[in-house]
Amino acid sequence: MSPVRYRLLDMQRAITAIENFVVGGETVFRQSMQIQHAVFHDLTVLGEAARAIPREVRDRYPHVPWPQIVALRNAITHEYHRLRLELIWGVVRDELPKLKRQIEVMLADHPQ
C-alpha cells in the first residue's frame, strides 16, 4: 500500500469514527466530555494524516482545505484551551461530509 493511500485511509477512518461518535447530535456532543475528547482526538488524527500527504499530491486536489485541516489539528493540540464547541460542531456537521466525499475521490485515484 502506498504511503498516500495509507494516510487517506487514516483520514477516512477518523471521519467515520467522528460520525459514529456524534450520532446522537449536537446536544449529546455538547453534554459529553467523553464524546468531545474522542472527536478532538480523531480531528487531530485527521490533521496529522493530512499533514503527512506530500505537497505534490495535495497540489493536485486544491479544493481540499489542506491548510485548514492541519490548522485545526494544531489548534486542538496547542490551543485546546481556546477551542469553541460551536466551531468544532460546525466542522463536524458542515465540513467533514464534504471532506469524506473528497477523500473517496482521492482513494479512487490512489488504488494501491
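FYI, it's all coordinate maths here, none of it is from the lab. What you see is a predicted model; the values in this text were computed from it and never measured. Don't worry about glycine lacking a Cβ; one is built from the backbone with ideal geometry, like all the others, and counts go over all protein chains shown.
Report, as a whole number in µm² per second, the diffusion coefficient that Stokes-Einstein gives for region 3-109 at 25 °C and 0.890 mPa s using the Kirkwood radius over alpha carbon pairs.
The diffusion coefficient I find is 176 µm²/s.
Near I18, within a Cβ-to-Cβ distance under 14 Å, what is the net charge of the other residues, with Lys and Arg +1 and Asp and Glu -1?
-1
Only Cα pairs within less than 10 Å get springs; with that Gaussian network setup on the chain, which residue of I35, I69, I15 has the largest fluctuation?
Judging by the Gaussian network model, the answer is I35.
Let's test the formula: R0 of 30 Å, r as the Cβ-Cβ distance of V28 and Q68. What FRET efficiency results, to the nearest 0.05? All intermediate terms of the calculation are to be shown ahead of the outcome.
Numbers: r = 25 Å, r/R0 = 0.85.
Efficiency, rounded to the nearest 0.05: 0.75.
Can you tell me which of T44, T27, T77 moves the most in a GNM of the chain? Springs connect C-alpha atoms under 10 Å apart.
Judging by the Gaussian network model, the answer is T27.
Restricting to DSSP loop positions (anything but H, G, I, E, B) with no more than 13 other Cβ atoms inside 10 Å of their own Cβ, which GluC sites (Glu not before Pro) remain in region 39-112?
Working: sites: E48, E56, E79, E86, E95, E104; in loops: E79.
Passing both the DSSP loop test and the Cβ count: E79.
Long-range amide H contacts for H110: which residues qualify at under 5 Å (H placed 1.01 Å from N, peptide plane, sequence gap of 5 or more or a different chain)?
Amide H neighbours of H110, under 5 Å, 5+ apart: none.
Check each of the trypsin sites (Lys or Arg not before Pro) in region 52-83 and keep only those in coil by DSSP with at most 14 other C-beta atoms within 10 angstrom; list them in order.
Details: sites: R55, R58, R60, R73, R82; in loops: R60.
Loop-located and lightly packed - R60.
Starting from the Cα-Cα distance between H37 and R84, subtract it from 0.36 nm times their residue separation and give me the gain in nm to one decimal.
Additional length available on full extension: 15.6 nm.
With unit charges on the beta carbons (Lys and Arg positive, Asp and Glu negative) and the dipole taken about the Cα centre of region 3-109, which residue among I18, G47, L96 sits farthest to the positive side?
G47
Evaluate the charge dipole of the chain about its Cα centre and quote only its size in Debye, nearest 20, assuming +1 on the Cβ of each Lys and Arg and -1 on the Cβ of each Asp and Glu.
Numbers: 15 positive and 13 negative charges, 26 e Å.
Here the chain has a charge dipole of around 120 debye.
Hydropathy first: keep DSSP H helices in the chain averaging at least -0.5 on Kyte-Doolittle, then drop any whose Cα extent along the axis falls short of 24 Å, and list what survives.
Both cut-offs are met by 3-21, 33-52.
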